[in-house]
Amino acid sequence: MGDKTLTRMDLSEAVFREVGLSRNESAQLVESVLTHMSDALVRGETVKISSFGTFTVRSKAARVGRNPKTGEEVPISPRRVLSFRPSHLMKERVAAGNKR
Amino acid sequence: MIRSELIQKISEENPHLYQRDVERIVNTIFEEIISAMARGDRVELRGFGAFSVKKRDPRLGRNPRTGEAVQVDEKHVPFFKTGKLLRDRLNEE
């Protein structure tokens, strides 16, 4: 079970099989879904896909970090990070599918 | 942004497609990602991020109300790591 890595190609192949558009157009649609989601996140919006999950942008304050190798203190600038919270459905299916 | 708004935007950009087909396309993409993870596979979308499955070891948990020890089985949980390009875009001026 499961050590394959899927890419955009596999997603466009699935779209191609499901809807019967050309492979080229299927690939473009996959790309535009990702672009719209990214653009919304960059604008600071939450992206909530029901029964999939929610992407949220969180702001982190500046803090003092430490280089773990040298012990040296380094300033970490304030930044925005993305967090993903999977839906219940996704959690259930992932748990059930990977159960031994 | 919610799923229906995403479908709306894609529909507007593709006036030659029926909205119900755009719905099927968008749903297929998300469904494919979940199915892959349910098989234990990873989905790597360069520039956006990667979906993978992490294993949580079995452990001895505790019922917070009674303090009683309970066995918690091994389980698998979805995980998302943001891609470099998106991470950088979130922080550019």
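The values are calculated or read from the model by the stated rules, or taken from the named source; none is laboratory data. Computed from a predicted model, the values in this text were never measured in an experiment. Note: ideal-geometry Cβ built from the backbone for every residue, glycine included; neighbour counts use all protein chains shown.
Data for the structure
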| quantity | calculated |
| --- | --- |
| Tally of residues being under 17 Å from B:R46 (Cβ atoms) and more than 7 Å from every other protein chain (Cβ to nearest Cβ) across the stretch A:11-33 | 5 |
| Positions within the stretch A:11-25 being hydroxyl-bearing (S, T, Y) and surrounded by fewer than 16 Cβ atoms within 10 Å (Cβ to Cβ), in sequence order | A:S22 |
| One residue from B:L90, B:L17 being more than 7 Å from chain A (Cβ to nearest Cβ), surrounded by 16 or more Cβ atoms within 10 Å (Cβ to Cβ) and more than 18 Å from the chain's Cα centre (by Cα) | B:L17 |
| Residue satisfying condition, being closer than 20 Å to B:T82 by Cα and either out of contact with any strand residue (DSSP E or B) (no Cβ under 9 Å at 6 or more places or on another chain) or facing another protein chain (nearest Cβ under 9 Å) (or both), within set A:H88, A:H36 | A:H36 |
| Top-ranked residue in the stretch B:30-85 [being among the small types (G, A, S), more than 16 Å from the chain's Cα centre (by Cα) and not in a loop (DSSP other than H, G, I, E, B); ranked as farthest from A:H88 (Cα to Cα)] | B:A69 |
| Spans of helices (runs of 4 or more DSSP H) in chain A with at least 3 residues touching a residue at least 12 places away in the same chain (Cβ under 8 Å) and touching a helix residue (DSSP H, G or I) at 6+ places or on another chain (Cβ under 6 Å) | A:8-19, A:23-42 |
| Some residue of the stretch B:6-20 being touching a residue at least 24 places away in the same chain (Cβ under 8 Å), at negative phi and not in a helix (DSSP H, G or I) | no |
| The listed residue being over 28 Å from B:P58 (Cβ atoms) and charged (D, E, K, R), out of A:R58, A:R93 | A:R58 |
| Filter result (within 23 Å of B:R89 (Cα to Cα) and aliphatic (A, V, I, L, M)) within the stretch B:8-28 | B:I10 |
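Results for (1) surrounded by 15 or more Cβ atoms within 10 Å (Cβ to Cβ); (2) modelled with pLDDT under 95; (3) out of contact with any Lys or Arg (no Cβ under 6 Å at 6 or more places or on another chain), shown as yes or no for each residue.
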{"position": "A:L6", "(1), (2), (3)": "yes, no, yes"}
{"position": "A:M9", "(1), (2), (3)": "no, no, yes"}
{"position": "A:A27", "(1), (2), (3)": "yes, no, yes"}
{"position": "A:A40", "(1), (2), (3)": "yes, no, yes"}
{"position": "A:V47", "(1), (2), (3)": "yes, no, yes"}
{"position": "A:K60", "(1), (2), (3)": "no, yes, no"}
{"position": "A:P75", "(1), (2), (3)": "no, yes, yes"}
